[in-house]
1. Looking at this structure, is A:Ser62 under 20 Å from A:Ala167 (Cα atoms), under 16 Å from the mean Cα position of the chain (by Cα) and within 14 Å of chain B (Cβ to nearest Cβ)?
2. Within the range A:124-137, how many residues are within 13 Å of chain B (Cβ to nearest Cβ) and surrounded by fewer than 18 Cβ atoms within 10 Å (Cβ to Cβ)?
3. Need at least 1 residues that are closer than 18 Å to B:Tyr171 by Cα per element, so show me which helices (runs of 4 or more DSSP H) inside the range B:76-147 make the cut, counting only ones lying wholly within it.
4. Restricting attention to the range B:105-113, does a residue exist that is more than 30 Å from B:Ala239 (Cβ to Cβ), modelled with pLDDT under 90, in contact with a Phe, Trp or Tyr (Cβ under 7 Å, 6 or more places away or on another chain) and surrounded by 13 or more Cβ atoms within 10 Å (Cβ to Cβ)?
5. Scanning the range A:102-123 for residues that are part of a helix (DSSP H, G or I) and more than 7 Å from every other protein chain (Cβ to nearest Cβ), which turns out nearest to A:Val169 (Cα to Cα)?
6. Among B:Arg278, B:Arg238, B:Arg268, which is in contact with a Leu (Cβ under 9 Å, 6 or more places away or on another chain), basic (Lys, Arg) and away from chain A (no Cβ under 14 Å)?
7. Name the single residue, out of those in the range A:81-101 being surrounded by 15 or more Cβ atoms within 10 Å (Cβ to Cβ) and in contact (Cβ under 8 Å) with a residue 40 or more places away in the chain, that is farthest from the other protein chains (Cβ to nearest Cβ).
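The values are calculated or read from the model by the stated rules, or taken from the named source; none is laboratory data. Note that the structure is predicted; figures quoted are calculated from it, not measured. Quick reminder, even Gly has a Cβ in these numbers, built from the backbone with ideal geometry, and neighbours come from all protein chains shown.
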Amino acid sequence: MGRCPVKGSAIGASGRSLGDEALRIEGLYKSFGDLQVLKGIDLVVAEHEVVCLIGASGSGKSTLLRCVNLLEPIEAGRVVVEGEEITGRDTNLDHVRRRIGIVFQAYNLFPHMSVIDNVTLAPRKVLRRPKAQAHDEALTLLRRFGLDEKADQYPDRLSGGQQQRAAIVRALAMEPDLLLLDEITSALDPELVAEVLEVIRELAVSGMTMVIATHEMGFAGDIADRICFLEQGQILEDGPPSQVFGDPREARTREFLQRVIESGRMGGEAAKHLRLTE
Amino acid sequence: MSETKPAHPSRSRRISEALRHPPPGAKAVAIATTSTIVLLVVVGFVVINSPGWERVQSSFFDFDVFGERFEQLVYAFRINIQIFLISQAMILVCGLLLAVMRSLESPVFFPFRAAATIYIDVFRGVPSILVIFLLGFGVPALRIPGTTNDPFFWAVVALTLIWSAYVAEVYRAGIESVHPSQNAAARSLGLSATQSMRYVVLPQAVRRVIPPLLNDSIGLLKDTALVSFIGAVEIFRRAQIVQAATFNFTVYVIVAIIFLLLTIPMARFVDWLVARDRRRQWAGAR
């Protein structure tokens, strides 16, 4: 049913070896009032795979991620995570969300808590980790992402890039099977984008399964095993970066990429692919 | 030169702006002081020269009565303070429970939400004095075994019922002021709705509504005078007793002054808190 059937131990475009199916979305529909936002999304993501969703604002990228996390109730379709259907009637939503991390465009850190408390809240209250253990694990994670010195600071004392990295650490502290990133660099000053993308790159290397909605085409081309181009609530094109960027099948994909180039937001691998075709 | 042909138009605009809103310097203080004194003199002149002033002065501003009765009234005021402190503690808890009940979103909780809404509508809509009367006189009249007719008890109950409704609305405004993305972030980490409310939404909400809560505290403190009507001998009732014996109204002025000695510092404290929050917000803004 999925567009890109995945078998165990395949090799992704990024060179990582992929595992079993991590996420399967079938016939997903979602609307807000009269506005039909998602019109039958099918998508399969393998373990260790990185899938980037691209598309214009309003094409449904964020809504899709929020539906996978069940922050938005869906109208029709199925979402299966690690072989378990999470859209069934008697799914424990809180249970499912533990396994799916999401990082938001506006960070959404808790402003009344220090960074370390932001990170340890869910492990302590949801996973019932002892306070000392949660604290140590959080510090290890913060150190890994260069934030251990900011552990006792409040979010408003951190730069945008540091806040977003803290938000990523907070999601990772729950040891999710799947990480969803919702335009996490869109709210950042340009000079802070790189430090956040570097974190994502490291996560990809370490084998984290990720679905990333992004406007950073260069980054998407570098990191993704697959690119999905969304338009008006449908996945119009789905393939490895070299194909989607270098030889888009759909005219509308080409138009979108052309607009992106004109706005000067193209860089890295994706630009190389595109230049080849011109 | 700069008057006829400004070298920089935006600079001249800035200067004229500055003239319209001068900084609060010595000149501003002098003007404020003068205008205040002029106003006080005019008002004082009108009052003192009014035909009834002598009689008002002897019955409302009798310094002998002031000296004799001040201590006695301060002593009676301790009843008001007791009623205030006990009801305030209960109001803060009950108000929060009502606010949370009203904020429950799941359809399962509809009866709770409806009950809280009706409760708040009723107790905000009925004059306080009626609630105090109905409880203070009505419930003891039922003569249910085990119920008390202690006016102090019913005063605390009545004020708690009334002010919990107001305070619930203050809390609810705070809960609604916390951006939904905070709840989304908490839920996405696997926290339950209750945990999200408890650890993420409420701490932020309560912090934001401390100034309006203190405002309601001032209202509650003033309302403690109403319980004199069901027989609690607090400051206002004591003043009425003294007034009836001496035929002098100075005691009421004393009562007003005693209330102001507490309520004015409370009001200034609220202003200070609001100003501090505003400074913090500006400092935190990027």
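1. Values: under 20 Å from A:Ala167 (Cα atoms): yes; under 16 Å from the mean Cα position of the chain (by Cα): yes; within 14 Å of chain B (Cβ to nearest Cβ): yes.
Yes: the conditions hold for A:Ser62.
2. Kept after step one, since they are within 13 Å of chain B (Cβ to nearest Cβ), are these residues of the range A:124-137: A:124-129, A:134.
Still in the list and also surrounded by fewer than 18 Cβ atoms within 10 Å (Cβ to Cβ): A:127-128.
Summing the residues that are within 13 Å of chain B (Cβ to nearest Cβ) and surrounded by fewer than 18 Cβ atoms within 10 Å (Cβ to Cβ) in the range A:124-137 gives 2.
3. On the way: elements: B:110-125, B:128-133, B:139-142.
Filter on the range B:76-147 gives B:110-125.
4. Residues of the range B:105-113 that are more than 30 Å from B:Ala239 (Cβ to Cβ), as a first pass: B:105-113.
From the residues that got through so far, the ones that are modelled with pLDDT under 90 too are B:105-109.
If we keep only those that are in contact with a Phe, Trp or Tyr (Cβ under 7 Å, 6 or more places away or on another chain) as well, we get none.
Within the range B:105-113, none of the residues are more than 30 Å from B:Ala239 (Cβ to Cβ), modelled with pLDDT under 90, in contact with a Phe, Trp or Tyr (Cβ under 7 Å, 6 or more places away or on another chain) and surrounded by 13 or more Cβ atoms within 10 Å (Cβ to Cβ).
5. First pass over the range A:102-123, keeping only residues part of a helix (DSSP H, G or I): A:115-123.
Subsequent filtering for residues that are more than 7 Å from every other protein chain (Cβ to nearest Cβ) retains A:115-120, A:123.
Details: A:Val115: 10, A:Ile116: 10, A:Asp117: 12, A:Asn118: 9, A:Val119: 7, A:Thr120: 10, A:Pro123: 12 Å.
Among those residues, the one meeting the criterion is A:Val119.
6. Values: B:Arg278 fails: in contact with a Leu (Cβ under 9 Å, 6 or more places away or on another chain); B:Arg268 fails: in contact with a Leu (Cβ under 9 Å, 6 or more places away or on another chain).
Checking each option against the conditions leaves just B:Arg238.
7. A:Glu82
To keep it simple, each residue is scored yes or no on (1) in contact (Cβ under 8 Å) with a residue 40 or more places away in the chain; (2) over 25 Å from B:Leu98 (Cα atoms); (3) of a type outside the set (A, V, I, L, M, F, W, C); (4) touching a Ser or Thr at 6+ places or on another chain (Cβ under 9 Å).
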| site | (1), (2), (3), (4) |
| --- | --- |
| B:Arg207 | no, no, yes, no |
| B:Leu214 | yes, no, no, no |
| B:Ile218 | yes, no, no, yes |
| B:Lys222 | yes, no, yes, yes |
| B:Ala225 | yes, yes, no, no |
| B:Leu262 | yes, yes, no, no |
| B:Pro265 | no, yes, yes, no |
| B:Arg268 | no, yes, yes, no |
